[in-house]
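The values are calculated or read from the model by the stated rules, or taken from the named source; none is laboratory data. Note that the structure is a prediction, hence the values are computed from the model and not measured. Glycine also receives a Cβ, built like all others from the backbone with ideal geometry; neighbour counts cover every protein chain displayed. We work out accessible area using only protein heavy atoms, side chains counted, and drop any ligands, DNA or RNA first. Shrake-Rupley method; radii C 1.70, N 1.55, O 1.52, S 1.80 Å.
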Amino acid sequence: MGKLKLYCGLLGLLLLASCQQPPADTAAKTQAVTASHQAIEWRLATSWPKNLAGLGMAPERFAQLVEQMSNGRLVIQVYGAGELMPALSVFDGVSKGTVQMGHSAAHYWKGKAPASQFFSSIPFGLNAQQMNAWLHRGGGIELWQEVYQPFGILPLAGGNTGMQMGGWFNKPIMSPADLKGLKMRLPGIGSKVLKKLGGVPVDELAGRELYSALQTGAIDAAEWVGPYNDLPLGLHQVAKYYYYPGWHEPGSSMEFLVNQQAFSALPADLQAIVKVAARAINQDMLDDYTQGHIAAMDTLISEHNVQVTPFPPEVIAALKQARDEVLTEEAAKDPMFNKVLQAYLANEAAVKRYFHYTEDALN
């Protein structure tokens, strides 16, 4: 009887222990499931003022999409320019892991990686539709990844403003000679084109600085984006002439910068969500800008009597020739620039051949 009681007691203890301490493999699975539902928190720094129409709202919408699609497992806090770092420090911030993501424009990093400029927009280059096709179906994104790989950054297309305007000028541009000595805010390869024609490019001014720079005469002309952003900045109040077309940026792509190490640490489904959300925002921004530009241009003309003026044909011809010269010169300096240039030009030529029979034939 005593042995039976002892046996029952030991059996009870074993059963109790088995309830309190599940097998190691079961415990590991439980812990993994729990961890997979813990919120991962990221920070995203932008080069734009917080909630700026178009540019500033794109990363906000991206963060909302990611949180919704991940059911709250990945939460991204968005910071405007200057909140965590200066507008033009976003690339370094992502590269160093100070933040996990950024939203900016690739031409800002020409000093670090000259070939980066192709992934924003180059003068007389691809429009928004053509740019998206090249990036996502024509090998462009793979080249972009190659350019950013040494910096530990994964690039994703992050929106497009569509074709921009030629900019705001305080004097008429009647011939290429009028560009000589002209101080103009102009970024990317376009700045080198202007310089070749005798202009003085200024490419370090943020959008919020343009009004005072034009007003004080620190610059003679400036381009920002187009009516959607130019109207609220009040640029029509400090410059008389609004020129078109935006030869320097015919289809300006924005970018999401993702720290490669942080991205690799995400589960596969969250990686997919980040990429899918970026593709959605890439198209959403273009839609937003297209409609926004239309409405804002009507306001500029009908309510503010803005003079919308085309560049003379001889000015466009001179700019186009200068572009070809600049690209050749830059390619000779940097092997990666040359590699991307050759791929870009081949695609550009093929696109223009096809569009000759389609969209262009309607004009």
In deg cm²/dmol and to the nearest 500, what is the mean residue ellipticity at 222 nm of the chain if only DSSP H runs of at least 4 residues count, each as -39500 (n - 2.57), divided by the residue total? -16000 deg cm²/dmol
Need one number for the range 216-363: average projected area of the convex hull over its C-alpha atoms, nm². 13.6 nm²
Relative contact order of the range 79-233, pairs being alpha-carbon contacts under 8 Å that are 6 or more residues apart, as %: 19 percent
Over all directions, what mean area does the Cα convex hull of the range 57-216 project, stated in square nanometres? 11.1 nm²
Helix 57-69 axis, angle to the chain major axis (alpha carbon atoms, nearest 10°): 20 degrees
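Quantify, in whole percent, the carbon and sulfur part of the accessible surface of the range 122-211 (1.4 Å probe; protein heavy atoms only).
Summing carbon and sulfur atoms, their accessible area is 54 percent of the total for the range 122-211.
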Pop out the ³J(HN,Hα) list for the range 266-278 in order, Karplus 6.51 cos²θ - 1.76 cosθ + 1.60 with θ = phi - 60°, rounded to Hz; leave Gly and Pro as x. 6, x, 4, 5, 6, 4, 5, 4, 4, 5, 5, 5, 5
Would you mind putting 294-307, 80-93, 49-62 in packing order, based on average other-beta-carbon counts within 10 Å, highest first? 49-62, 80-93, 294-307
How long, wide and thick is the range 157-269, going by the Cα atoms along their three principal axes, in whole angstroms, largest first? 57, 31, 23
So how strong a dipole does the chain carry about its Cα centre when Lys and Arg Cβ are +1 and Asp and Glu Cβ are -1, to the nearest 20 debye? 960 debye
Given 129-138, 148-157, the highest-first ranking by average Cβ count within 10 Å works out to 148-157, 129-138
Filter the cross-link list 195/352; 112/180; 183/320; 275/339 down to pairs whose alpha-carbon distance in this structure exceeds 24 Å. 195/352; 112/180; 275/339
Counting only heavy atoms of protein chains, what accessible area per residue, in Å², does the chain have with a probe of 1.4 Å? 47 Å²
The range 224-247 to the range 95-113: how many Å between their Cα centroids? 26 Å
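With an 8 Å cut-off on Cα pairs and a minimum separation of 6 or more residues, tell me the relative contact order of the range 148-204 in percent. Each step should come with its number before you reach the end.
Values: 47 pairs, mean separation 15.1, N = 57.
Reported relative contact order: 26 percent.
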Return the whole-Å distance between the Cα centroid of the range 186-204 and the Cα centroid of the range 317-360. 18 Å
Mean Cα-pair separation over length for the chain, i.e. relative contact order, pairs under 8 Å, 6 or more apart, %: 21 percent
Under the Karplus curve 6.51 cos²θ - 1.76 cosθ + 1.60, θ = phi - 60°, whole-Hz ³J(HN,Hα) for the range 123-140, x wherever Gly or Pro sits: x, 6, x, 6, 7, 4, 4, 5, 5, 4, 5, 5, 5, 8, 10, x, x, x
